[in-house]
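Engineer: Okay, here's the structure, questions in a sec.
Every number here is computed from the coordinates shown, using simple stated rules; none is lab data. This is a predicted model, so every value here is computed, not measured. Here the Cβ positions follow ideal geometry from the backbone for every residue, glycine too, while neighbour counts run over all protein chains shown.
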């Protein structure tokens, strides 16, 4: 009597919460309520097994095809929303439906039919039905649509066209949209006929680095052409700084983290202003001038120069007026007015404030980078006393990016001159500058482009 009452409650869906509870008990196989669990298990399976008579016999469900294309048809109690997607490891197709009666095809024996190895269906959660189709290889659902019989000979059917993933990728069906019949009111990912794209294979680090943001570093080897720079002990400044800069460029590019440009890559002369302007036009995130020093004494070691404070302040004061004047071009000014804002002073004021803030930020970032270079280079080569210095070098007079000038060593010191000609020394010291750059761009205030 008790089992009959419970079954009637489930079949008439009079107490949904009890159905959910019974499902949990059926799955857990709790021995304390064997009749309750058994009644639910029977009703859940009847959602599939009792369907043929109600859904129009064998006309509602079908399974046919071969290894190139398999058609899987599920008979439905009514038109509903659904979702279809494929998974791998193991290979299978998942059909998500609301809780309703369905009819699955008949599969006899253990031999696959086309791409379909086996399948099963049942309640996956309260109010939800799932059909799992085990397939013999990775597949794509080329078509997922609900079809109705115009003559009413059978209930609605969910028709799946399953094809191998390999062949689908060749013809691009993963992005093909196939609309439903006009009479179908289903919706959802599967109903739209859009197969979720297959997972992309993992990219190698060098491939992944191609599309990521890379700060632009401009390296400026000093002198060149008719300007040989300092020279002693067989060491010519223009040659050794170019050789060092090329080594530094190669290391930076090999890291895949930076885009490197050089003001010169051969024994050519470039005007000082053109070097700085080249970096400006390239929208560089950092400008590094590379030189070798000269002294009448026995001085030796590396020095890092940034723009002297009083020179930087003068440039900032001069730039303020220029920024306010140039912040909007004539064309941009016309565009602002064309939008109905005759008073552009507020726009210019806002942009000017941003530009002036950039001047201050450049100075702060220059100090950060200079300090980082001193710390890392000190572990690989001799440094001058107080190596972090300031000067008014013309090539550093740019308010648009952080800029430093590195004096690698003294050509007038025999040991330094020998180092400047040594490829082993260049390898070691250039590596320390790469480390300095990595440290600098890991600083939160230096990661974003200017």
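Engineer: For labels at residue 385 and residue 212 in the simple 7 Å Cα→Cβ model, what's the distance in nm?
Structural biologist: 4.4
Engineer: Let me ask something else. Which value in nm describes the separation of the simple spin-label points at residue 118 and residue 375, placed 7 Å from the Cα toward the beta carbon?
Structural biologist: Roughly 6.2 nm, to one decimal.
Engineer: Along Cα→Cβ, 7 Å out, is where each label goes; now give me the distance between the ones at residue 88 and residue 150 in nm to one decimal.
Structural biologist: Label at residue 88, label at residue 150, 4.1 nm between them.
Engineer: Going by how many other Cβ atoms sit within 10 Å of their own, how do 251, 259 line up, fewest first?
Structural biologist: On the way: 251 18, 259 15.
Taking fewest neighbouring Cβ atoms as first place, the list is 259, 251.
Engineer: Set the Förster distance to 35 Å, then compute FRET efficiency between residue 81 and residue 203 from the Cβ-Cβ distance, nearest 0.05. Each step should come with its number before you reach the end.
Structural biologist: Working: r = 36 Å, r/R0 = 1.02.
Calculated value: 0.45.
Engineer: Follow-up. Can you sort 383, 377 by how many other beta carbons sit within 10 Å, fewest first? Display every interim value, and only then the final one.
Structural biologist: Details: 383 20, 377 25.
Placing the least packed residue first, the sequence is 383, 377.
Engineer: Oh, and also: Quick one: length gained pulling residue 297 to residue 228 fully straight, 0.36 nm per residue minus the C-alpha distance?
Structural biologist: Values: separation 69, 0.36 × 69 = 24.84 nm, distance 2.09 nm.
Extending this stretch completely gives an extra 22.8 nm.
Engineer: Separate question: Cut-off is 10 Å between beta-carbons; in what order do 82, 269, 278 appear when sorted fewest neighbours first? List each step's numbers first, then the result.
Structural biologist: Values: 82 23, 269 13, 278 18.
Least to most surrounded, the residues fall as 269, 278, 82.
Engineer: Which FRET efficiency value, to the nearest 0.05, do you get for residue 106 and residue 134 by plugging their Cβ-Cβ distance into 1/(1 + (r/R0)^6) with R0 = 22 Å? Can you show the working numbers first?
Structural biologist: Working: r = 16 Å, r/R0 = 0.72.
Using R0 = 22 Å, I get an efficiency of 0.85.
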